[in-house]
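The values are calculated or read from the model by the stated rules, or taken from the named source; none is laboratory data. Being a predicted model, the structure only gives us computed values, none of them experimental. Ideal geometry is used to build each Cβ from the backbone, glycine not excepted, and the neighbour counts take in all protein chains shown. Surface accessibility is based on the protein's heavy atoms, side chains included, excluding ligands, DNA and RNA. Shrake-Rupley method; radii C 1.70, N 1.55, O 1.52, S 1.80 Å.
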Protein chains: 2
Amino acid sequence: MKQPVRVTVTGAAGQICYSLLFRIASGEMLGNDQPVILNLLEITPALKVCEAVAMELNDCAFPLVKDIVVTDDPAVAFKDSQIGLMVGAKPRGPGMERKDLIADNGKIFSSLGKVINEVADKNIKICVVGNPANTNAFILAANAPSINQRNITALTRLDHNRALYQLAEKSGSDIAEIKKMIIWGNHSVTQVPDIAFATVAGDAAADKVDAAWAKDDFMPTVAKRGAAVIAARGSSSAASAANAVLDHMRDWCLGSESGDWVSMAVPSDGSYGVEKGLIYSYPVVCKDGDYEIVQGLEVSDFIKGKMDESEQELKEEREAVADLF
Amino acid sequence: MKQPVRVTVTGAAGQICYSLLFRIASGEMLGNDQPVILNLLEITPALKVCEAVAMELNDCAFPLVKDIVVTDDPAVAFKDSQIGLMVGAKPRGPGMERKDLIADNGKIFSSLGKVINEVADKNIKICVVGNPANTNAFILAANAPSINQRNITALTRLDHNRALYQLAEKSGSDIAEIKKMIIWGNHSVTQVPDIAFATVAGDAAADKVDAAWAKDDFMPTVAKRGAAVIAARGSSSAASAANAVLDHMRDWCLGSESGDWVSMAVPSDGSYGVEKGLIYSYPVVCKDGDYEIVQGLEVSDFIKGKMDESEQELKEEREAVADLF
């Protein structure tokens, strides 16, 4: 039997985690042969509900779950942690400006970064889900200099999966036939869903759908899908977000599918002219517990313009929290 | 590629299904190589939320999901259906007697039974989750005479899994080391959790825990665990119930673990003196898409007395809905 992996989940009493934790526990993230220890972090007022989640996890009799720790102390939650799923964040309240949201969450993530820097495994793999995800990851990284910086990432897999579905639907094809989708940039409305390199059953996607659809329909539909789900559901995406977290971390740990790539927001190494250090979504290939940014794609001027706008937004978000790093 | 299996889920916009559907879609119920078509049935006022669930399922880009049908028409939802997960039921309202609850749900399940009788696959495998689950399954069966009656079952796997956890916790052992747990009877507080034949790492459980604990602590704790979760969580078990549905149906379809058994409420064939036809929870072994009640266990007088009480309750529940079959 393998040694258990210690997985820390923040915002553990919330809706995304209620969809996420049971699937981690059943082996969907790290495999059916990988035991886990689940560290559930919540703010103090939510501890009681968090304990109830732990009760239900126990009531599933998952053979892979070796221990469950419920705590409101980040130093306990992240002690020796090898995987950090940063789901918890302050949501945007009524009358709140985006700038205020960034500042408030910036404080949370700078504080968590400092704790992770002290107590976590130095190679902890982190996926930030709480918004603004890319900038929260940037702040966390800046406050955790002893942690392997490559491993501090943010979630754009939900956007990637939404894009796969939209293209499958439009082209009348099976999801499994679509490869090489890309989400560039920030996990926000400036994100850049790009089908320029996508294939459908081996053929170029661009030959299956017209360019006007890709630009005027596909791109805004994917970028604004979160709002559409809220309008239909009355609350924000939870199970689909949780599913994307599983996809993100499973592929990172166990490898992405051969002949395909996935989208992850990772610290830029300057690829495609993006400023080094920004947490930017790229197409990546995962292998051996690591990822590599796909290189050498010839990006059109139209897409590059959109990529620049998303980069500019990330710089402005960084500016808004400059006091935190 | 295998032909898709058509799975119908009732109460599809509710909390249990929100935990259940995404795990079915990912392959956790029928296997990673088994495509599915998901038929989501809801009452008309909940259709909008149900559509939002379908949006999120699409946004997961699950390769196994070949189609999603959202409907408020049972005849559409159950047409050619091969698996029916009967999650939806009227919950108990304030001031409502259990008898009223049984009568109201009886009407729902007799009506669904008639539709299933007409339109579903004759070998549809049914798991009733909505309470009173055993009696709802009984009414459904009585109204669906053309359906393979063996295949109309109710969920006691959540009780079984809760029992596994309690024994693991008490004996300080790993969940995976515990075999041959039993839940006898009705999925209600009269259920009979029984460790008489259970083993812990190959040894008799009775040698690991004392008899007083089994009788005075274990049995009531398992039987009343649902209420304990409600008290802690503020709402009833959802993710753990969904997990038990997956376990129930996965084992039934793909086989239970060799050397172990599971608990399912199935139509009694008279085994252990229970009246034939009552939907009663037994230890069963699953193989080749079917189940067999474990025979020849020597049940103590104490347990037999409890089993009789649970059987008596099922007869009284049946009496309360005698006009429906």
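Return only the number of the condition from (1) over 26 Å from A:Arg23 (Cβ atoms); (2) touching a residue at least 60 places away in the same chain (Cβ under 8 Å) that A:Ala154 does not satisfy.
With respect to (1) over 26 Å from A:Arg23 (Cβ atoms); (2) touching a residue at least 60 places away in the same chain (Cβ under 8 Å), A:Ala154 is out only on (1).
Taking the condition of being under 26 Å from B:Cys253 (Cα atoms) and surrounded by 19 or more Cβ atoms within 10 Å (Cβ to Cβ), how many residues in the range B:83-114 meet it?
Number satisfying all stated conditions: 11.
Regarding A:Val266, is this residue more than 14 Å from chain B (Cβ to nearest Cβ), of a type in the set (Val, Ile, Thr) and closer than 19 Å to A:Leu140 by Cβ?
Answer is yes for this residue.
In this structure, is A:Gln34 open to solvent by 10 Å² or more (accessible area, probe 1.4 Å), at negative phi, within 14 Å of chain B (Cβ to nearest Cβ) and assigned to a loop (DSSP other than H, G, I, E, B)?
yes
Would you mind finding the one in A:Glu317, A:Glu309, A:Glu292, A:Glu298 that is open to solvent by 30 Å² or more (accessible area, probe 1.4 Å), modelled with pLDDT of 95 or more and under 20 Å from the mean Cα position of the chain (by Cα)?
None of the others qualify; the one that does is A:Glu292.
Can you name every residue in the range A:1-31 that is open to solvent by 20 Å² or more (accessible area, probe 1.4 Å), within 13 Å of A:Val65 (Cα to Cα), in a loop (DSSP other than H, G, I, E, B) and more than 10 Å from chain B (Cβ to nearest Cβ)?
The answer is A:Lys2, A:Gln3, A:Pro4.
Going by the conditions given, is A:Arg162 within 23 Å of A:Ser256 (Cα to Cα), among the basic types (Lys, Arg), away from chain B (no Cβ under 14 Å) and in contact (Cβ under 8 Å) with a residue 40 or more places away in the chain?
For A:Arg162, the condition - within 23 Å of A:Ser256 (Cα to Cα), among the basic types (Lys, Arg), away from chain B (no Cβ under 14 Å) and in contact (Cβ under 8 Å) with a residue 40 or more places away in the chain - is not met.
Select, from A:Ile183, A:Ile147, A:Ile152, the only residue that is hydrophobic (A, V, I, L, M, F, W, C) and within 14 Å of another protein chain (Cβ to nearest Cβ).
The conditions single out A:Ile183.
Return yes or no: is A:Ala228 more than 19 Å from A:Phe197 (Cα to Cα), in the same structural domain as A:Asp194 (by TED's automatic domain parsing) and either of a type in the set (Val, Ile, Thr) or open to solvent by less than 10 Å² (accessible area, probe 1.4 Å) (or both)?
Spelling it out, it is not the case that A:Ala228 is more than 19 Å from A:Phe197 (Cα to Cα), in the same structural domain as A:Asp194 (by TED's automatic domain parsing) and either of a type in the set (Val, Ile, Thr) or open to solvent by less than 10 Å² (accessible area, probe 1.4 Å) (or both).
Return only the number of the condition from (1) under 19 Å from B:Val299 (Cα atoms); (2) under 17 Å from the mean Cα position of the chain (by Cα) that B:Ile139 does not satisfy.
For B:Ile139, the exception is condition (1).
Is it the case that B:Ala176 is under 24 Å from A:Val36 (Cα atoms), open to solvent by 20 Å² or more (accessible area, probe 1.4 Å) and not in a loop (DSSP other than H, G, I, E, B)?
When the stated conditions are applied, B:Ala176 passes them.
For the range B:37-53, enumerate the residues that are open to solvent by 10 Å² or more (accessible area, probe 1.4 Å) and either more than 10 Å from chain A (Cβ to nearest Cβ) or polar (S, T, N, Q) (or both).
Result: B:Ile37, B:Leu41, B:Glu42, B:Ile43, B:Thr44, B:Pro45, B:Ala46, B:Leu47.
Which of the residues that make up the range B:193-237 are touching an Asp or Glu at 6+ places or on another chain (Cβ under 8 Å), facing chain A (nearest Cβ under 9 Å) and not in a helix (DSSP H, G or I)?
Answer for the range B:193-237, where residues must be touching an Asp or Glu at 6+ places or on another chain (Cβ under 8 Å), facing chain A (nearest Cβ under 9 Å) and not in a helix (DSSP H, G or I): just B:Ser237.
Are any residues in the range A:128-173 among the aliphatic types (A, V, I, L, M) and open to solvent by 30 Å² or more (accessible area, probe 1.4 Å), and if so, which ones?
Residue satisfying the conditions is A:Ala142 alone.
Would you say A:Ala239 is at negative phi, open to solvent by less than 50 Å² (accessible area, probe 1.4 Å), of a type in the set (A, V, I, L, M) and more than 18 Å from the chain's Cα centre (by Cα)?
So A:Ala239 does not fit the description; no.
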